[in-house]
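Colleague: A single structure is presented below for examination.
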Amino acid sequence: MNIAQIADQAIAQTYARYPLTLVRGRGCTLFDDQGNAYTDFIAGIAVCNLGHAHPKLVASLRDQAERLWHVSNLFYTQPQAELASWLTSRSFADRVFFANSGAEANEAAIKLARKYFKDRRQPGRFRVVSMNQSFHGRTMATLSATGQEKVRKGFDPVLEGFDFAEFNNIEDLACMVGADTCAVLMEPIQGEGGVICPDHAYLQQVRQLCDESGCLLIFDEVQTGIGRTGRLFAHEHAGVRPDIMTLAKALGNGLPIGAMLATESVAEAFGAGAHASTFGGSPIVTAVALAVLQTLEQDDILDQVNATGAYLLDRLAELQKRHTIIEAVRGKGLLIGVQLSKPGAPIVAACMQKGFLVNCVQDNVLRLAPPLIIRRQEIDGLMDCLDEVITEM
Ligand SMILES: Cc1ncc(COP(=O)(O)O)c(C=O)c1O
């Protein structure tokens, strides 16, 4: 039996997998077990922002592996302290809670928002308003907050206290936020929803609405954070500061880590014993995450994202002129959606045949989220490939 057959026999069938067994990666290239190379425009779904096997990250992982892997959060460790300090010095936040995934970071955010109002003797403020087409994770609370029927289907009853508003529509949100709302939870750019970028003015109005109604604003930057959109955090584009922000994905460049960041006055609601995670913030993942952030800064990766992101959008606009199947091209930095008039699966499969990995969300949006170190010639390669594939269709 080959690897795919063994996996199909023994692993829960929750993923529809591509017929590809990957064995190695370097920079923006992945290699399969047959020795074929693929240029990676998925990056583990916006995870491997510094590419595969980045030498600085490998060095930090090796170094930490020889010192200390794991101790309980009953003790202090240097990598965790330094990572939290780095994150608070570069963001609106004063405190960080470490988890292991995006869903866990959002779970912590929802719990914190509820507890914040319980502590303030406003127990009736427990509802969370999130957005249609949003994605926040697969735990019970985060799927209850996810505005996609296909994610919630089969798990009824979902948790009580979750409402939904139309994204990028302030009037609709104003109708949903009330005296019982503890938080508005939203992605600054919807990723799984099809790479939907709201207006900056809308995000500013959301902030104002939360202030006026007295509820908290939570930005889920699990997909958009860590430089993906050309700023360290996507909300910076609109100049809006949340009360709570969640991170995961690219923070560890592939090691499992999540983080929930909050202002001091909000974070106070999480006192000793209020929330916990055995693995959250372990030395080995926080050492690598710190190296990720330091590398992002030292190597001026954000400047690169802005330049190559603009180049990618230009090249896609050229492609759109030649192919009517491309209805729209949108995104920020290196999180780009290509809206198609037909299902994208055949294009994804054909690109894979030609050595390019792209993925498709919402059936008809190609999502391009390459490592942030992608080069122009690799983008040119994908453009030639898409041109050929679409023409052949
Ligand atoms: C915006 C957003 N939030 C949360 C999650 C869930 O993260 P995880 O799969 O690490 O639990 C995702 C995953 O795609 C995401 O895109």
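The values are calculated or read from the model by the stated rules, or taken from the named source; none is laboratory data. From a predicted model like this one, the values you see are computed outputs, not experimental measurements. Counting neighbours? That spans all protein chains shown, and the Cβs are built from the backbone with ideal geometry, glycine included.
Colleague: As an exercise: evaluate Pro157 against (1) on the phi > 0 side of the Ramachandran plot; (2) more than 23 Å from the chain's Cα centre (by Cα) and give the number of the one condition it does not meet.
Modeller: (1)
Colleague: What number of residues in the stretch 177-192 are under 24 Å from Ala234 (Cα atoms) and either assigned to a loop (DSSP other than H, G, I, E, B) or among the hydrophobic types (A, V, I, L, M, F, W, C) (or both)?
Modeller: The number of residues fulfilling the criteria is 11.
Colleague: Taking the conditions exactly as written (under 20 Å from the mean Cα position of the chain (by Cα) and either more than 16 Å from the ligand (Cβ to nearest atom) or at pLDDT below 95 (or both)), does Leu296 satisfy them or not?
Modeller: The answer is yes for Leu296.
Colleague: Would the stretch 318-333 turn up any residue that is in contact (Cβ under 8 Å) with a residue 12 or more places away in the chain, buried (at least 18 other Cβ atoms within 10 Å of the Cβ) and under 26 Å from Asp32 (Cα atoms)?
Modeller: Looking through the stretch 318-333, none of the residues is in contact (Cβ under 8 Å) with a residue 12 or more places away in the chain, buried (at least 18 other Cβ atoms within 10 Å of the Cβ) and under 26 Å from Asp32 (Cα atoms).
The rows are residues; the columns are (1) surrounded by fewer than 21 Cβ atoms within 10 Å (Cβ to Cβ); (2) farther than 19 Å from Ser213 by Cβ.
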residue	(1), (2)
Thr88	yes, yes
Val96	no, yes
Gly102	no, yes
Ala108	no, yes
Lys111	yes, yes
Tyr116	no, no
Gln122	yes, no
Phe126	yes, no
Ser130	no, no
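Colleague: Name the residue that is surrounded by the fewest Cβ atoms within 10 Å (Cβ to Cβ), counting only residues in the stretch 134-154 that are touching a residue at least 12 places away in the same chain (Cβ under 8 Å) and away from the ligand (no atom under 11 Å from the Cβ).
Modeller: My answer is Met140.
Colleague: Go through the stretch 359-393 residue by residue and tally those that are outside any helix (DSSP H, G or I) and touching a Leu at 6+ places or on another chain (Cβ under 8 Å).
Modeller: Going through the stretch 359-393 one residue at a time, the tally reaches 13.
Colleague: Taking the stretch 199-231, which residues are outside any loop (DSSP other than H, G, I, E, B), charged (D, E, K, R) and either under 19 Å from Gly309 (Cα atoms) or touching a His at 6+ places or on another chain (Cβ under 7 Å) (or both)?
Modeller: Across the stretch 199-231, the qualifying residue is only Asp220.
Colleague: Also: If Asp40 passes every condition in (1) loosely packed, with under 15 Cβ neighbours inside 10 Å; (2) touching a residue at least 24 places away in the same chain (Cβ under 8 Å) but one, which one does it miss?
Modeller: It fails just one condition, (1).
Colleague: Under the condition of being surrounded by fewer than 24 Cβ atoms within 10 Å (Cβ to Cβ) and within 11 Å of the ligand (Cβ to nearest atom), which residue from the stretch 190-226 is nearest to Val292 (Cα to Cα)?
Modeller: Going through the qualifying residues, I end up with Glu192.
Colleague: When you check Asn2 against the structure, is it under 19 Å from Ala259 (Cα atoms) and either in contact with a strand residue (DSSP E or B) (Cβ under 8 Å, 6 or more places away or on another chain) or away from the ligand (no atom under 16 Å from the Cβ) (or both), yes or no?
Modeller: In short, no.
Yes or no, residue by residue, for (1) away from the ligand (no atom under 16 Å from the Cβ); (2) of a type in the set (Asp, Glu); (3) over 27 Å from Ala234 (Cβ atoms); (4) touching a His at 6+ places or on another chain (Cβ under 6 Å):
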| site | (1), (2), (3), (4) |
| --- | --- |
| Ala16 | no, no, yes, no |
| Arg24 | yes, no, yes, no |
| Asn36 | yes, no, yes, no |
| Ala46 | no, no, no, no |
| Asn49 | no, no, no, no |
| Gly102 | no, no, no, no |
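Colleague: Here are Ala174, Ala165: which of them is aliphatic (A, V, I, L, M), farther than 30 Å from Leu302 by Cα, within 21 Å of the chain's Cα centre (by Cα) and more than 15 Å from the ligand (Cβ to nearest atom)?
Modeller: Residue meeting the stated conditions: Ala165.
Colleague: I need every pair where a residue in the stretch 100-122 that is closer than 24 Å to Leu255 by Cβ has its Cβ under 7 Å from the Cβ of a residue that is within 10 Å of the ligand (Cβ to nearest atom) and in a helix (DSSP H, G or I), sequence separation at least 6 or different chains.
Modeller: Close Cβ pairs satisfying both conditions: Gly102/Lys249; Ala103/Thr142; Asn106/Thr142; Glu107/Thr142.
Colleague: For the stretch 15-51, what are the residues that are in a strand (DSSP E or B), farther than 21 Å from Asp380 by Cβ and among the basic types (Lys, Arg)?
Modeller: Once the filter is applied, which keeps residues that are in a strand (DSSP E or B), farther than 21 Å from Asp380 by Cβ and among the basic types (Lys, Arg), the stretch 15-51 yields only Arg24.
Colleague: Return the residues of the stretch 249-284 that are without any contact (Cβ under 8 Å) to a residue 40 or more places away in the chain and surrounded by 23 or more Cβ atoms within 10 Å (Cβ to Cβ); say none if nothing qualifies.
Modeller: none
Colleague: Further, regarding this structure: Is it the case that Asp380 is touching a helix residue (DSSP H, G or I) at 6+ places or on another chain (Cβ under 8 Å) and over 27 Å from Pro198 (Cβ atoms)?
Modeller: It is true that Asp380 is touching a helix residue (DSSP H, G or I) at 6+ places or on another chain (Cβ under 8 Å) and over 27 Å from Pro198 (Cβ atoms).
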